[in-house]
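Here's the structure, in structure tokens; my notes come after.
The values are calculated or read from the model by the stated rules, or taken from the named source; none is laboratory data. On a predicted model such as this, the values are computed, not experimentally measured, just so you know. Here the Cβ positions follow ideal geometry from the backbone for every residue, glycine too, while neighbour counts run over all protein chains shown. Note: accessible area is taken over every heavy atom of the protein model, side chains too, but ligands, DNA and RNA are not part of it. Shrake-Rupley method; radii C 1.70, N 1.55, O 1.52, S 1.80 Å.
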Amino acid sequence: MEIELNLVDDAGRPAMRNAAVLDSISDEQWSTELAQFNIEVNLPPFPLAAKSLGALEQTVRDALNDADARARRHDARLMLVGILPTVRQADLTESALSANPRYRLLNEQILAARGGEDMHLDIEGIERLRTHADSISPEAACTSVQYHLQVRPEDFGAYWNASQMIAGVQAALAANSPFLFGRELWRETRIPLFEQATDTRAKELREQGVRPRVWFGERWITSVLDLFEENSRYFSPLLPVCDEDDPLDQLARGEVPSLAELTLHNGTVYRWNRPVYDIAQGRPHLRVENRVLPAGPTVADTMANGAFYYGLIRALADEEEPPWSGMSFASAADNLRRGARDGMDAMLVWPGAGEIPVTELVLRRLLPQAAIGLDRWGVDGVVRDRLLGIIEQRCIAGRNGATWQARTVHAIGGDRPEALRLMVQRYIEHMHTNAPVHTWPID
């Protein structure tokens, strides 16, 4: 798991202090993210079996609590949220980028690919935002959690297809990004914001139908090679770094090829479900990296979302007749947009059910399948029931992070920036209780 977080000051505004905070944390699991108010923690791999998911939850809480205590030394707090509601467009300029030279180079290369054309943001939801930016810094408003799953090469296609199939369900259930620059937009505004803020295509290329770099894809696959082939065919390299090692020579010497150029290029094609080739303890492996979800609101919610994801894709991938064969790929892509736009109110398309409210789909069909999948992974029954129970109660209450944020801001009323600031302060208080968001009061 990777978890991205925001740093906020006592007033609930972005705190541009990640270098100082990371220096205090002094742990190699923690690293910078795109902007100076972002940091990221990378959790070590763990088995799904037995009580590991429950133990990981405590590990994450301990890590975040320790990091938060160290951040306070620099007048900052940690916040798990998809988009920091108080971030302003003035906060997201090139000067806000973290010191890591990779981010500066990435910014330069994306702008160069666009021929110097500004980034245009046009997001229409409950309200509408139309603006532009002269750097990729608006992408820094997006903070997410990434779930990784190591799979056998011969099983990769099934797990990736299953992940694509449920992306819209995930976005609807876990939406936590309703505000950007003071506007109430989609329930998971990260989706359109990330797509637009990292678009390398100038207007002419968009009109010609050139594929966007943030990409859902366009077909079900049979092998991971399908995705790597698409990366090579459709996307030019952004970072001009070459590797001196020849993979075939490495194989001939009995070595494991690093495939450094492939992995670097793959890291600049922003699929919502990304293939990952990596080497651990001298052994190569493949992972599916699920990148759909926002961070937060709590560690408990994050672990519940992970349990639902891991369980459901196992159940779907194991089916004798692939369930995605009954769904067009275009429907899966449309589901993601519906889920991100409408959240808990989304109507999704599902094989054998037609168009159905996402909460009904989850309660009647998908939660039982997720439970079966977790059983097949060997997850402890008590851990399974507690985590999936959070998803169940979230559906019954019809409340996720996005709905809590929006209802709280409207309940506070008055000046929107002040309402957002007060909401953020309440959010952080509730976040530290680790009580799932569907139990948070609105007052």
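Count charges around residue 279 for me, please; just the other residues with Cβ under 12 Å from its Cβ, Lys/Arg as +1, Asp/Glu as -1.
0
Out of the total accessible area of the chain (probe 1.4 Å, heavy atoms of protein only), what percent is carbon and sulfur?
Looking at the chain in its full context, I get 48 percent from C and S.
Please compute the modelled spin-label separation between residue 239 and residue 128, points set 7 Å along Cα→Cβ, answer in nm with one decimal.
The modelled label-to-label distance comes out at 3.8 nm.
Would you kindly calculate the translational diffusion coefficient of the range 228-345, applying Stokes-Einstein with the Kirkwood radius from alpha carbon pairs, for 25 °C and a viscosity of 0.890 mPa s, and quote it in µm² s⁻¹ without decimals?
After rounding, the answer is 139 µm²/s.
Quick check on the range 315-402: take the gyration tensor over C-alpha atoms, sort the square-rooted eigenvalues as a ≥ b ≥ c, and tell me if it's rounded (a/c under 1.5), prolate or oblate.
Because a/c hits 1.5 or more and a/b fails to exceed b/c, the range 315-402 counts as oblate.
In µm²/s, what is D for the range 179-282 at 4 °C and 1.567 mPa s, where D = kT/(6 pi eta Rh) by Stokes-Einstein and Rh is the Kirkwood radius from Cα pairs? Mind showing how you got there, number by number?
Numbers: Rh = 16.2 Å.
For these conditions, the coefficient is 80 µm²/s.
Distance between the C-alpha centers of the range 405-443 and the range 116-142? Whole Å please.
Result: 25 Å between the Cα centres.
When only Cα pairs under 8 Å and 6 or more residues apart are kept, what is the percent relative contact order across the chain?
Working: 842 pairs, mean separation 88.9, N = 443.
RCO, the chain: 20 percent.
Can you give me the Cα centroid spacing of the range 155-183 and the range 194-260 in angstrom?
For the range 155-183 versus the range 194-260, the Cα centre distance is 22 Å.
So what are the three principal axis dimensions of the range 1-74 from its Cα atoms, in whole Å, longest to shortest?
Computed over the range 1-74, the largest-to-smallest principal extents equal 41, 21, 19 Å.
Give me the 1.4 Å probe accessible area per residue for the chain, excluding ligands and nucleic acids, in Å².
40 Å²
Could you tell me the relative contact order of the range 1-133? Use alpha-carbon pairs under 8 Å, at least six residues apart, and round to a whole percent.
So the answer I get is 27 percent.
How big is the range 17-136 by the Kirkwood estimate over distinct Cα pairs, in Å?
17.0 Å
Using alpha carbons only, how many angstrom separate the centre of the range 1-47 from the centre of the range 272-301?
18 Å
In whole percent, what relative contact order does the range 58-170 give with Cα contacts below 8 Å and a gap of six or more residues?
It comes to 24 percent, rounded to a whole number.
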